[in-house]
Amino acid sequence: MTGEQLRKCKAPILFIHGGNESDHVKDKVATVRELLGVWQVLGGLVVLLPKLPRLKEWAYADILINLVAAAHHHYMAGDDVTKIAIPLVVLSIAVVSCGLRPPSRRLQGPMV
């Protein structure tokens, strides 16, 4: 995402002035992509591993937050419906996956 695209975005964006603004934006976007990518891979691995119910709950929460944020970002950027729908479809698959886990693989008590 370029600095010009961020300026057109409906979402409030905080720019730190000083230096080349577009380089600063590119660095921040690259850093966020790297962090999200690493956490998504780790979350996916945790979901696939046996046991670890507490960590699985956190992984599902991470997946939910990231996919909702992705859909919101596409909406605020004015992207077409397909770009908004893709994260929501993947989110629905994750919610179904979490909900269909057998009770033996869940934490005791309500999921809140």
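Quick notes on this structure:
- Condition check for residue 26 on (1) surrounded by fewer than 14 Cβ atoms within 10 Å (Cβ to Cβ); (2) at pLDDT below 80: one failure, at (1).
- Residue within segment 33-46 that is of a type in the set (A, V, I, L, M), closer than 25 Å to residue 103 by Cβ and not in a helix (DSSP H, G or I) present: no
- Of all residue pairs spaced 6 or more apart or on separate chains, those with beta-carbon atoms under 9 Å, a first member in segment 31-53 that is closer than 14 Å to residue 65 by Cα and a second member that is part of a helix (DSSP H, G or I) and open to solvent by 80 Å² or more (accessible area, probe 1.4 Å) are 43/58.
The values are calculated or read from the model by the stated rules, or taken from the named source; none is laboratory data. Nothing here was measured: the structure is a model prediction, and the numbers come from that model. Positions of Cβ are backbone-derived with ideal geometry, glycine not excepted, and every protein chain shown enters the neighbour counts. Heads up: the accessible areas ignore ligands, DNA and RNA and are worked out on the full protein's heavy atoms, side chains in. Shrake-Rupley method; radii C 1.70, N 1.55, O 1.52, S 1.80 Å.
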